[in-house]
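A short worksheet on the structure shown next.
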Amino acid sequence: MKKLLYQFDTDPLPAVFDNVVGYDGGADHIGAYGGVTAANVGGLVEGAIFTRGPKDKKNTAIFIGGGNVAQGQALLDAVRRKFFAKFRVSVMFDCNGSNTTAAAAVAWLAHGRSLQGKRAVVLAGTGPVGQRAAALLASEGAAVAITGRKLEVVQAACQAIKTRFGTEVRPIAAATAAERGSAVEGAHIALATGASGITLLEARQWQESPSLELVADANASPPAGIEGVGMADRGTESHGKILYGPLGFGALKLSLHRACIAKLFEQNDLLLDAEEIYALAKSMVG
Ligand SMILES: NC(=O)c1ccc[n+]([C@@H]2O[C@H](COP(=O)([O-])OP(=O)(O)OC[C@H]3O[C@@H](n4cnc5c(N)ncnc54)[C@H](OP(=O)(O)O)[C@@H]3O)[C@@H](O)[C@H]2O)c1
């Protein structure tokens with residue numbers, strides 16, 4: 001029986017990245033659909049749940065992606081509403097790589113140390129990766145703030161985190177490097193999750209910080225999101241801080257994504273969202 005993955009993407013064109021990793025994770029065939037919404041997904045889900053017998057349903061699975069986490073969340077809810085009794089298949093949610101990237105970054109930050117009581121700032125944390133990373137850092141006991149350029153956008157992101165995870169995250173408006181430097185004053189952890197190729201913090205801002213212990217950058221497209229953090233840093237020590245770069249934890253992100261795809265085909269009722277993916281990341285890190 002072939003392992004079939006249905007890739008539902010809220011963007012018009014389904015992501016090639018998710019398609020490739022789907023195959024590398026063990027799918028035999030991937031049906032990739034773009035422009036999938038909560039309103040039009042019903043028939044697609046019916047096709048997935050009504051076609052194979054109970055023992056064989058684990059060979060069909062759904063992946064939800066796309067650049068907009070809120071739309072993806074609505075799509076996930078719509079997919080799950082179609083399930084009933086044994087008529088269900090396993091689902092993975094990873095809009096814009098948000099869960100796998102955030103889980104890999106935070107799993108490395110928490111590896112071999114406690115984040116309990118640490119103060120963490122997620123720079124440009126309003127995007128998909130930043131929101132998930134903020135929630136995961138809070139789940140490790142850190143007091144978390146996220147920054148963004150406009151206060152109302154940051155507040156909306158904090159509200160979205162609270163709605164989804166029940167977690168309080170402090171919003172900080174910081175549109176300039178100087179304001180982001182002020183935002184990390186007194187913090188122990190700075191994690192940059194800004195858009196590709198945007199530098200959020202200058203080197204001296206973290207190098208001269210008396211409080212920062214861990215500095216991590218998710219942006220893999222030059223220039224660096226945090227100046228002076230190397231792409232491949234993974235626990236590198238510099239200026240008394242421990243550094244993690246995008247490729248440093250990106251290896252775990254990729255193997256985590258593949259492992260999640262493989263798990264989808266082990267049973268027909270698995271949900272792999274932030275919490276489940278983070279638990280798997282913690283079991284794989286190191
Ligand atoms: N290392 C890995 O394995 C891996 C995997 C996947 C993704 N990534 C990277 O992770 C990062 C975060 O991904 P994402 O999808 O969450 O990012 P995103 O949504 O594209 O951007 C995140 C935030 O960046 C801010 N931003 C955008 N343009 C900016 C500018 N000109 N100046 C300052 N801030 C700006 C925005 O916040 P405001 O509008 O609120 O300011 C936005 O919400 C990206 O760099 C992505 O490439 C890495």
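Coordinate-derived values only; no laboratory data. Here the structure is a predicted model, which means the values were calculated and not measured. When we count neighbours, we look across all protein chains shown, and the Cβ atoms used for this are built from the backbone with ideal geometry, even at glycine.
Miscellaneous remarks
- In this Cβ point-charge picture (+1 for Lys and Arg, -1 for Asp and Glu), the chain has a dipole of about 780 debye about its Cα centre.
- Euclidean distance between Cα centres, the range 39-66 to the range 132-149, Å: 33 Å
- Amide hydrogen proximity for ARG170: with H placed 1.01 Å from N in the peptide plane, the residues at 5 or more positions away or on another chain lying under 5 Å are VAL144, ALA145, ILE146.
- On Cα atoms only, tilt of 151-165 relative to the major axis of the chain in degrees: 50 degrees
- Exposed GluC sites (Glu not before Pro) absent - longest run of the chain, DSSP non-H/G/I/E/B, at most 11 other C-beta within 10 Å: 1-167
- Using the Cβ of LYS162 as centre and a radius below 14 Å, the other residues enclosed give a net charge of +2, where K and R count +1 and D and E count -1.
- Mean separation of Cα pairs under 8 Å and 6 or more residues apart, divided by the residue count, gives the chain a relative contact order of 19 percent.
- Translational diffusion coefficient (Stokes-Einstein; Kirkwood radius from C-alpha pairs) of the chain at 4 °C, 1.567 mPa s, in µm²/s: 68 µm²/s
- Table column - 3J(HN,Hα) (Hz), the range 232-246, Karplus curve with 6.51, -1.76, 1.60, x for Gly and Pro: 9, 4, 8, x, 5, 9, 7, 6, x, 10, 10, 10, 10, x, x
- Shape of the range 166-239, Cα gyration tensor, a/c cut at 1.5: rounded
- Above-threshold pairs, the threshold being 18 Å between Cα atoms, out of LYS3/LYS253; LYS58/LYS86; LYS2/LYS253; LYS57/LYS253; LYS2/LYS86; LYS58/LYS263: LYS3/LYS253; LYS2/LYS253; LYS57/LYS253; LYS2/LYS86
- Net lengthening on full extension, LEU247/LYS162 (0.36 nm per residue, minus Cα-Cα): 27.7 nm
- Table column - 3J(HN,Hα) (Hz), the range 126-133, Karplus curve with 6.51, -1.76, 1.60, x for Gly and Pro: 7, x, x, 5, x, 4, 5, 5
- Seen from every direction in turn and averaged, the convex hull around the alpha carbons of the range 1-150 projects onto 10.6 nm².
- Here the gap between ALA85 and SER211, fully extended at 0.36 nm per residue and compared with their Cα-Cα distance, gives a gain of 40.1 nm.
- Each label was represented as a point 7 Å from its Cα along the Cα-to-Cβ direction; for HIS239 and ASP24 these points are 3.2 nm apart.
- Listed residues THR100, THR51, THR167, most fluctuating in the chain (Gaussian network, C-alpha, under 10 Å): THR51
- Degrees between helix 69-82 axis and first principal axis of the chain (Cα, 0 to 90, nearest 10): 30 degrees
- Remark: spin-label model distance ARG170-LYS2 equals 5.4 nm, labels positioned 7 Å along the Cα→Cβ axis.
- Put a dot 7 Å past the Cα of ASN40, heading toward its Cβ, do the same for ARG149, and the two dots end up 3.1 nm apart.
- Footprinting exposure proxy for ILE49, ILE277 (fewest neighbouring C-beta atoms within 10 Å first): ILE49, ILE277
- Global form of the range 113-179, assessed from the alpha-carbon gyration tensor, a/c cut-off 1.5: oblate
- Tensor-based shape of the range 210-249 (alpha-carbon gyration tensor, a/c under 1.5 rounded, otherwise prolate or oblate): prolate
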